[in-house]
Every structure is written in structure tokens, then in C-alpha cells.
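J.: Here it is, the structure in full.
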Amino acid sequence: MLITRRWELLREGSFGLPHRKSFLQDAAVEGLPDPHFFSRLSLMNFRIPSGPVVTSVLLMGLVLATGACRKARNQNTDLKQASSVVANELKSNGLGTLPGAVYRSQAGSPIHWQPWTKATLDRAKDANRLVFGVIAMPQQPGFQSVLESLAKDPALVSSINGTYVPVLIDGDASREVGLLTADLCAEIKRGLQLPLFIWMTPEGNPVAWIPAGKSSGANIADLFNQSHSIVSRMWVEDSDYVMKNSAMDNSRRRERIAQRKNVKVMSTQPAEDTVRGLRQLASFYDPHSRTFDEAGGLFPSGAIELLSTAAVHPGLPPEVRSRCLETVRELMIDLLPSAMFDPLEGGVFSSRRANSWALPAFNRDCGSQARAAVALIHAYRATGNKQALERALGLIEFAEKTYRTSEGLFAVGLANEAEASAWLWSVED
């Protein structure tokens with residue numbers, strides 16, 4: 001009873017008069033010496049000081065109270081560390097000659113990147129280390145600058161190589177991880193953003209993750225260090241808890257994905273829904289403001305191809321075909337002479353920076369050229385616009401010149417990200 005009362009007073013910050021009587025009674029009942037001492041103390045309205053000294057005392061009490069449990073956990077962790085074995089493969093960059101732009105770009109990195117394989121996870125288990133992964137996709141060239149930021153900082157390289165098993169994951173080649181990225185971003189209420197930093201247990205269960213692209217607005221070194229300090233400390237203090245908790249979370253995640261996979265969303269009237277969808281898509285274009293709502297910032301290759309195909313499809317109502325054709329014609333007026341097409345080197349930019357096609361984001365990749373070329377050929381077939389055909393042939397020529405490999409194929413993800421300052425005039429210029 002005395003302890004309860006004293007804690008109540010401590011919580012309120014003073015030994016005040018309202019609690020004096022019961023406090024003294026409790027002291028007398030417990031047989032404490034000289035209850036008048038507490039009486040004198042209460043009359044002084046003594047206030048508990050707040051500051052680092054008191055905080056230190058309270059924290060020390062918590063440490064002493066939990067010391068036995070923590071000591072046992074630390075002993076368990078120490079045993080694991082003592083028996084850990086770091087394989088020779090983890091002491092150097094293991095990407096070697098893996099195909100693809102993501103792996104090729106980091107084959108010479110000082111970070112000891114490993115491939116996403118079961119053997120790598122087994123080595124992480126033997127080394128008693130977490131996996132630090134970076135999930136990237138070649139269709140998004142921003143991954144190159146992020147990985148370069150990690151590789152050029154000696155302190156970061158040392159932390160990554162000395163603490164984790166670093167794994168570079170091509171989300172396009174390892175589709176299961178690429179698809180998982182969308183769910184992980186949704187769990188932290190973020191849109192899909194790549195590349196993604198992810199910490200995993202040797203079993204491959206996610207522990208923590210954070211988008212690291214330009215849209216995150218954070219310095220890459222700061223972004224890594226903040227997460228690294230927390231995750232690495234958790235692992236050192238209680239790796240068993242991290243393993244167990246992440247396994248439970250991932251099990252629930254798999255259940256949610258399985259439930260979603262088994263839910264089939266199919267139209268019961270596909271013909272009617274198709275016509276309705278085409279009408280709605282065509283209605284997004286406003287010929288007065290010259291805007292295409294709900295199209296986002298990407299070059300609208302998909303919309304152009306679909307509307308152009310619908311415009312000449314004999315099975316659709318004439319009113320729908322006419323509306324789709326008119327929308328394609330207006331889009332060609334907006335797009336073909338716009339800054340989305342590079343007049344110097346050729347090619348089409350993948351996206352725009354604002355609501356107008358007059359200011360593109362200066363990124364080009366092989367996939368965007370292919371999709372735009374196909375869409376413009378369909379637009380030419382529907383409208384007879386010769387400039388659309390010329391643009392399409394120009395994109396094919398640009399892709400062959402820029403992205404063709406020695407094997408006769410086309411490479412995705414090899415284009416470097418371009419800064420806007422390299423394309424725009426400055427005031428001084």
C-alpha cells in the first residue's frame with residue numbers, strides 16, 4: 001500500500017497536502033520509523049526534480065529489473081556469434097557475370113554484393129548475419145544513382161560488408177520479390193517506390209524496409225544509417241526475437257497474398273464493360289484544356305494503342321469508334337510536335353514533369369521506345385497521320401542505335417539517369 005501511494009505521488013510530481021493523511025496512515029501501518037518525517041516532508045510540498053540525473057536513476061532501475069532476462073538473451077547471442085562462420089564467398093563481390101543491367105552495373109562495386117539465392121541465405125545463417133538487400137528494377141534507372149551513393153562512401157561500405165550479407169535483387173528477374181515490394185510499400189502506407197532497402201533474416205523474412213528512391217527526399221547515407229543503427233542493435237540484443245517476430249509477420253503476409261490470389265474478380269458482362277470502359281477513357285481527354293485526366297505523367301502509349309485499336313474495330317458501336325478516333329487525333333496534335341520527343345538525339349522521354357507535355361522528365365529507356373513505337377503505328381493506322389508513322393520509325397532507329405547489344409538483342413536499364421540541368425537553359429546561359 002505504501003509503495004502504491006508513493007508511486008502515485010511520484011507520478012504527480014510532488015508530495016502534496018491532499019495525500020498527507022493517507023500517506024501517514026500507510027506509514028504507521030507498515031511500521032516505518034518516525035512518521036513525522038514524512039509529515040514534515042509533505043508540508044514542504046516537495047517537487048521531484050526532472051532532469052538527466054532522475055532520468056538516469058529511473059533507467060538504471062529498469063535495467064536492473066530486466067537485467068536477468070537481457071543477460072540470458074545476450075548470452076544466447078554471444079554463443080551464436082562465437083560459432084558463426086563467414087564464408088569466403090561473402091568476402092568479395094559475388095555478382096560476377098550475372099546477366100542484366102542491375103547486376104552488371106555493380107559487378108565492380110566495393111560492396112560485397114551477393115546474388116539472391118538459397119546458397120546466399122545459407123551463408124548468412126552460418127555467419128549469423130542479417131541480409132541487407134536492395135531491390136531494384138532496370139526499368140527505373142534511378143537505382144544506379146542510389147547504388148553509386150552507397151558504393152562511394154567508405155564508411156557505408158564498411159558497415160554493410162562488416163555487419164550484413166549484402167544482396168542485390170533484380171525485381172524484374174526475381175519476380176516474386178518484385179511483386180512483394182508492392183505489398184511491403186503498402187504496409188507502410190507508401191506507394192510503390194524503387195529501389196527499396198530491405199533487411200531480412202537468414203530465412204528470408206523481412207525485418208524492416210524503406211524506399212530509397214529520389215521521391216523519398218532523403219540523403220541515401222542518412223537513410224541507411226538511421227535504419228542500420230536500429231536494426232543492427234535489435235539483432236545484436238535479441239536475434240531470436242527478431243527471427244521469431246519476422247517469421248510470424250511474413251506468415252501472415254503470405255496468408256493475405258494467398259487470399260487475394262484466390263479472389264477472382266471477373267466481369268459478368270465483359271462486352272458491356274469493355275464499351276463502358278472505352279467511353280470513360282475517351283472522356284478523360286478535354287480538347288479545350290488539352291489535358292488527359294487520370295493518365296498520370298507517363299507517355300500515354302497504352303491509352304493511344306487501346307483507343308486506336310478501338311477506333312477501327314468493326315465489332316464496336318459506331319459512336320464509340322468515332323469518339324475513340326477523335327481522341328487519338330487530338331492526342332496526336334498535342335504529342336507529336338511536343339518536347340516529349342528529343343529533336344537532337346532522338347527517342348521519346350518516358351514521362352513529363354508537370355501537367356503539360358512541354359516539360360518532360362529527361363529519362364529514356366528501351367521499353368518506353370518500344371511501347372511508344374507500337375502505339376504510334378496503331379495511331380497511324382487509325383488516323384492516317386504520317387507524322388505518327390515518322391515518329392514511330394524514328395523511335396525504332398533510336399532504340400537500335402542506343403540499346404542494341406552485340407548479341408543482336410536489346411538491353412533494358414543501361415541508360416543513365418539524366419539531370420534536368422543538362423537539358424535546360426539557365427539564366428546565365
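J.: Output the number of residues of segment 263-282 satisfying the condition of being surrounded by 10 or more Cβ atoms within 10 Å (Cβ to Cβ), out of contact with any helix residue (DSSP H, G or I) (no Cβ under 6 Å at 6 or more places or on another chain) and modelled with pLDDT under 90.
T.: 0
J.: Pick out the one residue from R260, R252 that is loosely packed, with under 11 Cβ neighbours inside 10 Å and under 21 Å from P202 (Cβ atoms).
T.: On the way: R260 fails: under 21 Å from P202 (Cβ atoms).
Exactly one of R260, R252 is loosely packed, with under 11 Cβ neighbours inside 10 Å and under 21 Å from P202 (Cβ atoms), namely R252.
J.: Could you tell me which numbered condition G296 fails, if it satisfies all but one of (1) touching a Cys at 6+ places or on another chain (Cβ under 7 Å); (2) at positive phi?
T.: Only one criterion is unmet by G296, namely (1).
J.: Tell me which of these K401 doesn't satisfy, since it passes every other one: (1) assigned to a helix (DSSP H, G or I); (2) without any contact (Cβ under 8 Å) to a residue 40 or more places away in the chain.
T.: Evaluating K401 over (1) assigned to a helix (DSSP H, G or I); (2) without any contact (Cβ under 8 Å) to a residue 40 or more places away in the chain leaves (2) as the failure.
J.: Filter segment 368-412 down to residues that are of a type in the set (D, E, K, R) and surrounded by 17 or more Cβ atoms within 10 Å (Cβ to Cβ), then give me how many there are. Outline the logic, then answer.
T.: Residues of segment 368-412 of a type in the set (D, E, K, R): 371, 381, 386, 390-391, 397, 400-401, 404, 407.
Retained after the next criterion (residues that are surrounded by 17 or more Cβ atoms within 10 Å (Cβ to Cβ)): 371, 391.
Of the residues in that region, 2 qualify.
J.: What are the residues in segment 171-228 that are of a type in the set (D, E, K, R), more than 13 Å from the chain's Cα centre (by Cα) and under 18 Å from V242 (Cβ atoms), if any? Steps first, answer last, please.
T.: The initial filter retains those residues of segment 171-228 that are of a type in the set (D, E, K, R), namely 172, 175-176, 183, 187, 189-190, 203, 214, 222.
Subsequent filtering for residues that are more than 13 Å from the chain's Cα centre (by Cα) retains 172, 175-176, 203, 222.
The one that is of a type in the set (D, E, K, R), more than 13 Å from the chain's Cα centre (by Cα) and under 18 Å from V242 (Cβ atoms): E203.
J.: Would you be able to tell me the number of residues in segment 110-144 that are not small (G, A, S) and not in a helix (DSSP H, G or I)? Quick ask: steps written out before the conclusion?
T.: First pass over segment 110-144, keeping only residues not small (G, A, S): 110-118, 120-123, 125-126, 128-132, 134-135, 137-141, 143-144.
Remaining after also requiring not in a helix (DSSP H, G or I): 110-117, 128-132, 134-135, 137-141.
Number satisfying all stated conditions: 20.
J.: Which of the residues spanning segment 96-140 are within 19 Å of Q193 (Cα to Cα) and touching a helix residue (DSSP H, G or I) at 6+ places or on another chain (Cβ under 9 Å)?
T.: Here is the first cut: in segment 96-140, the residues within 19 Å of Q193 (Cα to Cα) are 101-102, 132-140.
If the condition is that a residue be within 19 Å of Q193 (Cα to Cα) and touching a helix residue (DSSP H, G or I) at 6+ places or on another chain (Cβ under 9 Å), then A101, V102, F132, G133, V134, I135, A136, M137, P138, Q139 are the ones that fit.
J.: Pick from F362, F299: which is in the same structural domain as Y403 (by TED's automatic domain parsing), within 15 Å of A388 (Cα to Cα) and of a type in the set (F, W, Y)? Explain how you work it out, then say what you get.
T.: On the way: F362 fails: within 15 Å of A388 (Cα to Cα).
The match here is F299.
J.: Further, regarding this structure: Answer yes or no as to whether S251 is at pLDDT 95 or above, over 21 Å from D153 (Cβ atoms), in contact with a Ser or Thr (Cβ under 8 Å, 6 or more places away or on another chain) and in a helix (DSSP H, G or I). Even if it seems obvious, please write down each step before you answer.
T.: Values: at pLDDT 95 or above: yes; over 21 Å from D153 (Cβ atoms): yes; in contact with a Ser or Thr (Cβ under 8 Å, 6 or more places away or on another chain): no; in a helix (DSSP H, G or I): yes.
In short, no.
J.: Among the listed residues L393, L389, which satisfies the condition of being among the aliphatic types (A, V, I, L, M), part of a helix (DSSP H, G or I) and farther than 21 Å from L306 by Cβ? Full working, then the answer.
T.: Working: L389 fails: farther than 21 Å from L306 by Cβ.
Residue meeting the stated conditions: L393.
J.: Among the residues of segment 156-179, write down those that are assigned to a helix (DSSP H, G or I) and crowded, with 17+ Cβ neighbours inside 10 Å.
T.: Pass one, segment 156-179, residues assigned to a helix (DSSP H, G or I): 156-163, 175-179.
Matches in segment 156-179: L156, V157, S159, I160, N161, V177, G178.
J.: Also: Which count do you get for residues in segment 171-227 that are of a type in the set (V, I, T) and either farther than 25 Å from M248 by Cβ or in contact with an Asp or Glu (Cβ under 6 Å, 6 or more places away or on another chain) (or both)?
T.: Looking only at segment 171-227, we keep the residues that are of a type in the set (V, I, T), and these are 177, 181, 188, 198, 201, 207, 210, 220.
Those left that are additionally either farther than 25 Å from M248 by Cβ or in contact with an Asp or Glu (Cβ under 6 Å, 6 or more places away or on another chain) (or both): 220.
Within segment 171-227, residues that are of a type in the set (V, I, T) and either farther than 25 Å from M248 by Cβ or in contact with an Asp or Glu (Cβ under 6 Å, 6 or more places away or on another chain) (or both) number 1.
J.: Follow-up question, since we're still on this one. Take T327 and decide whether it is surrounded by 16 or more Cβ atoms within 10 Å (Cβ to Cβ), touching a Leu at 6+ places or on another chain (Cβ under 6 Å), assigned by TED's automatic domain parsing to the domain that holds R381 and under 28 Å from F349 (Cβ atoms). Even if it seems obvious, please write down each step before you answer.
T.: Numbers: surrounded by 16 or more Cβ atoms within 10 Å (Cβ to Cβ): yes; touching a Leu at 6+ places or on another chain (Cβ under 6 Å): yes; assigned by TED's automatic domain parsing to the domain that holds R381: yes; under 28 Å from F349 (Cβ atoms): yes.
Judged against the criteria, T327 is a match.
J.: Tell me which residues, restricted to segment 188-211, are without any contact (Cβ under 8 Å) to a residue 60 or more places away in the chain and not β-branched (V, I, T). Walk me through it before giving the result.
T.: Restricting attention to segment 188-211, the residues satisfying the condition of being without any contact (Cβ under 8 Å) to a residue 60 or more places away in the chain are 188-194, 205-206, 208-211.
Matches in segment 188-211: K189, R190, G191, L192, Q193, L194, N205, P206, A208, W209, P211.
The values are calculated or read from the model by the stated rules, or taken from the named source; none is laboratory data. Note that this is a predicted model, so its numbers are computed, not measured. Note that we place each Cβ from the backbone using ideal geometry, even for glycine, and neighbour counts take in every protein chain shown.
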